[in-house]
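Data block below; observations after.
Derivation of every value follows stated rules applied to the coordinates shown; laboratory data play no part. All values reported here derive from a predicted model rather than from experimental measurement. Counting neighbours? That spans all protein chains shown, and the Cβs are built from the backbone with ideal geometry, glycine included.
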Amino acid sequence: GSYLPQLEAAIRALHAFVGNAETDGREIVVGIGSTELIAAAMYALAPDDEPTNASRSKALVWSASPYYSGYVNPSTFFKSRTFNWTSSVQTPNSTSRQPVIELVTSPNNPDGHVRAPRVSGLGASTIMDHAYLWPHFTPITRKVAYGDETVALFTLSKLTGHASTRIGWALTSSPRVAARMRAFIDTVTFGSPRENQ
């Protein structure tokens, strides 16, 4: 998705001012709100190819309870060949044969608890939903900065209080993940409209 260069500069300046996320060395992917970005991140973090019985299973998409109900829809609606939702109460094991994409809301809604990923191991990746990582929701004590297997999501509506603003962004240190997210967004919605930007 192409977007206005001023938007990227404003996002970087915003995070530098607030001090909640590292943007140096990070790609910014703009989308039409969190739901689109969640689906794009699932697609981008899932294995590139369709699994076969001999090689590995689909990636499991999982979140510890309580979780945002909007996490289930993107992982089930598209009936993906490379990932599917699991509602297991147990933390799944991630391996090269059974990758796991974990969704973490931090701070969590509605309790405000700061949460960290629970899944680790080969094949583990994380989508950190930081919609509420703003100073009017929680104290900002450090900049979040993640490796290539984690995508951090932010949304303008929680920052400004304007529900349904429909613009959000992802930060990732992986050019490959960013490219796959942009390809997903371009295919599904033809990118982020200039009106949103």
Give me the one-decimal nm value for the distance between modelled label points at T189 and A163, 7 Å along each residue's Cα-to-Cβ direction. 1.8
For Cα Rg over 2.2 N^0.38 Å the list reads (1) 1.10; (2) 1.17; (3) 0.98; the calculated value is entry (3)
Using θ = phi - 60° and the Karplus relation 6.51 cos²θ - 1.76 cosθ + 1.60, list the HN-Hα couplings for the range 121-132 in order, rounded to whole Hz, with x at every Gly or Pro. x, 4, x, 8, 9, 9, 10, 8, 8, 9, 4, 9
Largest first and rounded to whole Å, the semi-axes √(5λ) derived from the alpha carbon gyration tensor of the range 96-162 read 25, 11, 11
In degrees from 0 to 90, rounded to the nearest 10, what is the angle of the helix 175-189 Cα long axis to the longest principal axis of the chain? 80
CD proxy, 222 nm, the chain: helix-only mean residue ellipticity via -39,500 (n - 2.57) per DSSP H run with n ≥ 4, per residue, nearest 500, stands at -8000 deg cm²/dmol
Which residue fluctuates most in the GNM of the chain (Cα springs below 10 Å): V144, V30, V104? V144
Which residues' amide hydrogens lie under 5 Å from the amide hydrogen of V61, considering only partners 5 or more residues apart or on another chain, with H built in the peptide plane? N84, W85, T86, I101
What residues qualify as long-range amide H neighbours of T105, i.e. H under 5 Å apart, gap of 5 or more or another chain, H built at 1.01 Å from N? D129
For the chain, whose charge dipole is built from +1 on Lys and Arg Cβ atoms and -1 on Asp and Glu Cβ atoms, the candidate among F184, V114, L159 with its Cα farthest towards the positive end is V114
So if each residue of separation counts as 0.36 nm, and I subtract the Cα-Cα distance between T141 and Y68, what length gain in nm does that give? 23.9 nm
List every residue whose amide H lies under 5 Å from the amide H of T126, counting only residues 5 or more places away in sequence or on a different chain, with H placed 1.01 Å from N in the peptide plane. E102, T150, V151
Given Cα pairs under 8 Å that are at least 6 residues apart, what percent is the relative contact order of the range 5-189? 29
So if I place +1 on the C-beta of Lys and Arg and -1 on the C-beta of Asp and Glu, and nothing else carries charge, what would the dipole magnitude of the chain be about its Cα centre? I want it in debye, nearest 20. 180
Within the range 117-148, list the residues whose amide N lies under 13 Å from a label point set 7 Å along Cα→Cβ of S96. 122-124
In order through the range 30-36: 3J(HN,Hα) via Karplus (6.51 cos²θ - 1.76 cosθ + 1.60), integer Hz, x for Gly, Pro: 9, x, 8, x, 5, 4, 5
May I ask you to sort W169, W85 by Cβ crowding, counting other Cβ atoms within 10 Å and putting the fewest first? W85, W169
HN-Hα J couplings of the range 97-111 from phi, Karplus 6.51/-1.76/1.60, θ = phi - 60°, integer Hz, Gly and Pro as x? 8, 9, x, 10, 9, 9, 9, 10, 9, 8, x, 6, 10, x, 8
The range 88-128 - percent relative contact order, Cα under 8 Å, separation 6 or more: 49
Take the alpha-carbon centre of the range 75-117, take the same for the range 144-182, and report the distance between them in whole Å. 17
